[in-house]
Amino acid sequence: MSKRLVIFDLDGTLLNTITDLGTATNYALQQEGLPTHPMQAYPSFVGNGVVRLLERALPESRRTADDIARLRKHFTKYYDRHGADHSEPYKGIPQLLSSLQELGVNLAVASNKYQSAVEALISRFFPDIRWAAVEGQKEGVPVKPDPSIIFEILGKCPTPKDEVLYVGDSGVDMETARRACVESVGVTWGFRPVKELREYQATHIVTLPAAILPLVTDSLTPSSSQPN
């Protein structure tokens, strides 16, 4: 195999979480008497962590540190209880993870969602996967596209960078991989358009989870995994 460690983004890559994220944000906005947003607006709000999600959801005149802090308390209280109400793995993801695990590939998660929520979702939806690392947003650690989270995973699961594959659905993910100097896979089933993945120079772009498996075993080239 050419890859010994595959690192996955969570939201929009492993799990479709957009309804729960949007519902929790709308709940927080309602608690402060602020206007809410339709669910179709939320894919453009997510990707940079809860603070940026809430900032984008707020009216421009209310994007202050105090307003964001109040919203964050409401959001966290709701999301901790209801973060899995509508979320589910994308079709083919459980099978992909099982296949990679059977091959002896190390698996990890790198998410901008706060740590406790990442751990709760991973344990709920993927209880049979032996994760080498499950990393979410932590106070004092910069969020993606800063590569610190990747380096933290490599500290727990030492792997040469040319044997690492990073999988995500957004430009943030592709930029994270670029800054960490690891190969990237952009997935088209998530929250961002293919155009964004191309603009941020994804090494590979795949339309199905099963297409990731050959990349790990080195039977595809970057160009052959790109959709037309």
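Read-outs throughout are calculated quantities, based only on the coordinates presented, and are distinct from any laboratory measurement. A quick note: this is a predicted structure, and the numbers were derived from the prediction, not measured. We place every Cβ from the backbone using ideal geometry, glycine too, and count neighbours over all the protein chains shown.
Of the listed values (1) 16.4, 49; (2) 22.1, 73; (3) 17.2, 54, identify the label whose number matches Rg and Dmax of the Cα atoms in Å calculated from this model. Answer label, from the structure shown: (3). Distance distribution P(r), region 18-82, all Cα-Cα pairs, bin width 5 angstrom from 0: 3, 21, 35, 29, 11, 1 percent.
When the alpha carbon gyration tensor of region 61-123 is reduced to an equivalent ellipsoid, the three semi-axes, largest first, read 33, 13, 10 Å. Restricting region 126-228 to chymotrypsin sites (Phe, Trp or Tyr not before Pro) that sit in a DSSP loop and have at most 15 other Cβ atoms within 10 Å of their own Cβ leaves nothing.
The spacing between region 42-84 and region 186-211, judged by their C-alpha centroids, is 26 Å. The value obtained for region 1-127, namely the Cα convex hull volume divided by the number of residues, is 110 Å³ per residue. In plain terms, the bigger the Kirkwood radius, the slower the diffusion; for region 101-219, with that radius from Cα pairs, at 37 °C and 0.692 mPa s, Stokes-Einstein puts D at 223 µm²/s. Sorted ascending by nearby beta carbons within 10 Å, beginning with the fewest, 204, 82, 74 become 82, 74, 204.
Look at the alpha carbon pairs under 8 Å that are at least 6 residues apart: their mean separation over the length of the chain gives a relative contact order of 25 percent.
When both bridge partners sit in the chain, DSSP labels roughly 10% of those beta bridges antiparallel. With neighbours defined as other Cβ atoms within 10 Å of a residue's Cβ, the residues 77, 3, 91, 113 order from fewest to most as 91, 77, 3, 113.
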